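Asker: A single structure is presented below for examination.
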Amino acid sequence: MDNIEALFKPESIAIVGASRTPGKIGHEIVRNLVEYGYRGKIYPVNPYANEILGLKAYPSVSSIPGKVDMVVVVVPADKVPSVIEDAGRKGVKVAVVISSGFKEVGREDLEEEVVRIARKHGMRVLGPNIFGILYTPLRINATFGPTHAIPGSVGFITQSGALGIALMGMTIVEKIGVSAIVSIGNKADIDDADLLNYLREDANTKVVLIYLEGVMDGRRFMEAAQNFTLRKPLIVIKAGKTQAGAKAVASHTGSLAGNVAIYSTLFKETGILEASTVEEAFDWARAFSYLPSYKGGKLIIVTNGGGAGVLATDVLAENNINLEEPPQSLRDKLRPKLPGFASLKNPIDVTGMISNEGYVDAVIETLKNESVGAVLALYCETAVTDPEVIAKELIERIESELGGLQKPLIVALIGGQKSYNAVATLNAKGIPTYPMPERAASATAALITYSKLRESVKLRIDELRGITNA
Ligand code: COA
């Protein structure tokens, strides 16, 4: 097992600074590890304690009898170097340093000392100034965030701690399943590139989302990102875009926010999807994590409300996605089933008088058509339909007639309480569904844009190879 792998798959974890007092960070991390169900060995380390949460406590890492793969360090900053030295001597592979009080407050010297000691022992360091790491496949919750993260396939790397913890809570409420959440903080040693290289190969991760303030080594980051996007989608929220924001970044994690335009251009060139808000980033991550990838073919909008169709069309056009006419075979199929005044252009407007069954039927027929590559289904709650019935029938017919989704389907259900309930029902069944048409359209655009970016990255690499070989 290499050191980065030890971060995700440690067989034993020591928590140095495991506190006896509930509510203190060092106590809550031990509790999260125990309560989330980590099966490896957990060793609390605290020279003043005999046991913590029923686990035997040790005075130091070196006094632990068995091997230790990972240490989580939760002692005040000035004590961290000696803890790292002790852990290094013990042969620990990776240290997760929660403590603040390093580069972000001008103590570069202390941060460098920690890394120097770790390197001397061949140990890697995550952090400092972080809330920890979560890896759901092995039930590792070495964080002081919420306990019960939902397992899934979104990997989330965050340079911000408190915001990261809050978003961890949000994924639980929004039922967004995660494979990993990694707080990366000051990035004294392990950086985004290390994590991307690992998660690219991780079978449990389908898409990665990074909250990024800045990178130290741009070339290294872009290379790792490009290799990553050739295989899986990568969504980045770049914070610190304004001058005032960049100043805030400097005092937060001590990073340089860099030039916004340069970042955006490089992101595109390496196939990264840049989200402008946290909501957008998680909306996209949800779609990528649930759906099969878009493999070309027409994108068709099916809607029972003209306005919703127009709003979605605008969002798609802003993302350079233009809608083509539906295939004739689909129009022939739908025409006899729809009111005479229904529009069979794209968006297909099945009108507000459509029944539950009629709406679901139109979506299913569109999904079945061979020339269709993706479907965006928009629904406005009316008195003649029931969104909860629509959600239920859609789920049943996708299962019975299509054997599950073979191509992307993104849904927006716009309306009152029943629509909100139905949004949750569809999401729970792996059909990405949003309460607003623009959000669904934006997620659709992200799926299609990723497939385009990926193709252009591939093409560029092939061209470069051609030049090099010529
Ligand atoms: N080895 C192991 N345990 C030690 C120790 C050592 N060398 N020295 C002290 N301890 C014990 C303490 O006795 C205490 O246990 P107790 O509560 O049972 O007495 C525990 O380790 C923690 O030490 P304490 O001095 O009480 O520190 P603290 O809990 O008040 O603060 C940090 C420690 C790391 C949480 C704090 O310094 C810090 O950095 N906080 C910010 C963390 C943060 O926000 N990170 C970024 C998140 S986004």
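Asker: Relative to the first principal axis of the alpha-carbon coordinates of the chain, what is the inclination of helix 278-290, with its axis defined by its Cα atoms, in degrees from 0 to 90 and to the nearest 10?
Answerer: It is inclined by approximately 80 degrees.
Asker: Another question, then. Below 8 Å, C-alpha to C-alpha, sequence gap of six or more: please give me the relative contact order for the chain in percent.
Answerer: Averaging sequence separation for qualifying contacts and normalising by length gives 10 percent for the chain.
Asker: Another question, if that's okay. Among the trypsin sites (Lys or Arg not before Pro) in the stretch 148-230, which ones are in a DSSP loop with at most 15 other Cβ atoms within 10 Å of the Cβ? Mind listing them?
Answerer: 175
Asker: Once both labels are modelled 7 Å past Cα along the beta-carbon direction, what's the residue 162-residue 276 spacing in nm?
Answerer: 2.7
Asker: Now, a different point. Of 157, 319, 114, which is farthest towards the positive pole of the chain's charge dipole, taken about the Cα centre with +1 and -1 on the beta-carbons of Lys, Arg and Asp, Glu respectively?
Answerer: Of the options given, the answer is 114.
Asker: Roughly how big is the chain's charge dipole about its Cα centre, with Cβ charges of +1 (Lys, Arg) and -1 (Asp, Glu), in debye to the nearest 20?
Answerer: Dipole about the Cα centre, nearest 20: 860 debye.
Asker: If you don't mind, another one. Return the distance in nm (one decimal) between the two label points of a simple spin-label model at residue 383 and residue 343, each offset 7 Å from Cα along Cα→Cβ.
Answerer: Rounded to a tenth, the inter-label distance reads 2.5 nm.
Asker: Determine the relative contact order of the stretch 1-128: mean sequence separation of Cα pairs under 8 Å and six or more apart, normalised by residue count, in whole percent.
Answerer: 24
Asker: Sequence gap at least 6, Cα distance under 8 Å: using those rules, report the relative contact order of the stretch 294-451 to the nearest whole percent.
Answerer: With pairs under 8 Å counted, the relative contact order is 29 percent.
Asker: Taking the dipole about the Cα centre of the stretch 375-454, with the C-beta of Lys and Arg at +1 and of Asp and Glu at -1, give me whichever of 400, 413, 431 is farthest to the positive side.
Answerer: 431
Asker: Separate question: Which FRET efficiency value, to the nearest 0.05, do you get for residue 11 and residue 31 by plugging their Cβ-Cβ distance into 1/(1 + (r/R0)^6) with R0 = 22 Å?
Answerer: 0.60
Asker: What longest region of the chain stays clear of chymotrypsin sites (Phe, Trp or Tyr not before Pro) that DSSP places outside H, G, I, E and B and that have at most 15 other Cβ atoms within 10 Å?
Answerer: In the chain, the maximal stretch lacking such sites is 49-340.
Asker: To the nearest 10 degrees, how steeply does helix 306-318 sit against the main Cα axis of the chain, on a 0 to 90 scale?
Answerer: Value to nearest ten degrees: 50.
Asker: Assuming 0.36 nm per residue, please report the length gained on full extension of the stretch residue 293 to residue 109 beyond their Cα-Cα distance.
Answerer: Using 0.36 nm per residue and subtracting the Cα-Cα distance, I get 61.6 nm.
Asker: Residue separation times 0.36 nm, minus the C-alpha to C-alpha distance between residue 464 and residue 63: what's the value?
Answerer: That pair, residue 464 and residue 63, stretches by 138.9 nm at full extension.
Asker: With just the Cα atoms defining each centre, how far is the stretch 88-103 from the stretch 356-380? Give it in Å.
Answerer: 53
Asker: Among the listed pairs 337/368; 298/392; 93/238; 232/407, which have their C-alpha atoms separated by more than 24 angstrom in this model?
Answerer: 298/392; 93/238
Asker: Let me ask you something else. Restricting to DSSP H runs of at least four residues, report the calculated mean residue ellipticity at 222 nm for the chain, -39500 (n - 2.57) per run over all residues, nearest 500 deg cm²/dmol.
Answerer: -13500 deg cm²/dmol
Asker: Right, next: Using a simple charge model, +1 on the beta-carbon of Lys and Arg, -1 on the beta-carbon of Asp and Glu, nothing else, what dipole does the stretch 1-122 show about its Cα centre, in debye to the nearest 20?
Answerer: 400
Asker: Let me ask another. How far is the Cα center of the stretch 16-33 from the Cα center of the stretch 280-317, in Å?
Answerer: Between the Cα centre of the stretch 16-33 and that of the stretch 280-317, the gap is 44 Å.
Asker: While we're here: For the pair residue 247/residue 53, report the inter-label distance in nm, with labels modelled 7 Å from Cα in the Cβ direction.
Answerer: 4.2
Asker: Can you give the FRET efficiency to the nearest 0.05 for residue 172 and residue 89, using r as the Cβ-Cβ distance and R₀ = 35 Å?
Answerer: According to the calculation, E is roughly 0.35.
Asker: I've got another one for you. How far is helix 260-269 tilted, in degrees, relative to the longest principal axis of the Cα atoms in the chain, given as a value from 0 to 90 rounded to the nearest 10?
Answerer: The angle comes out near 70 degrees.
Asker: Give, in nm to one decimal, the length gained when the segment between residue 82 and residue 401 is fully stretched (0.36 nm per residue of separation minus the Cα-Cα distance).
Answerer: Net length gain for the segment: 108.6 nm.
Asker: Output the Cα-based Rg and Dmax of the chain in Å, rounding Rg to one decimal and Dmax to a whole number.
Answerer: 24.9, 81
Asker: Counting Lys and Arg as +1 and Asp and Glu as -1, each charge on the Cβ, what is the dipole of the stretch 294-451 about the Cα centre in debye, to the nearest 20?
Answerer: Dipole magnitude for the stretch 294-451 comes out near 220 debye.
Throughout, read-outs are computed from the coordinates displayed, never taken from laboratory work. Keep in mind that what you see is a predicted model, and the values were worked out from it rather than measured. Counting neighbours? That spans all protein chains shown, and the Cβs are built from the backbone with ideal geometry, glycine included.
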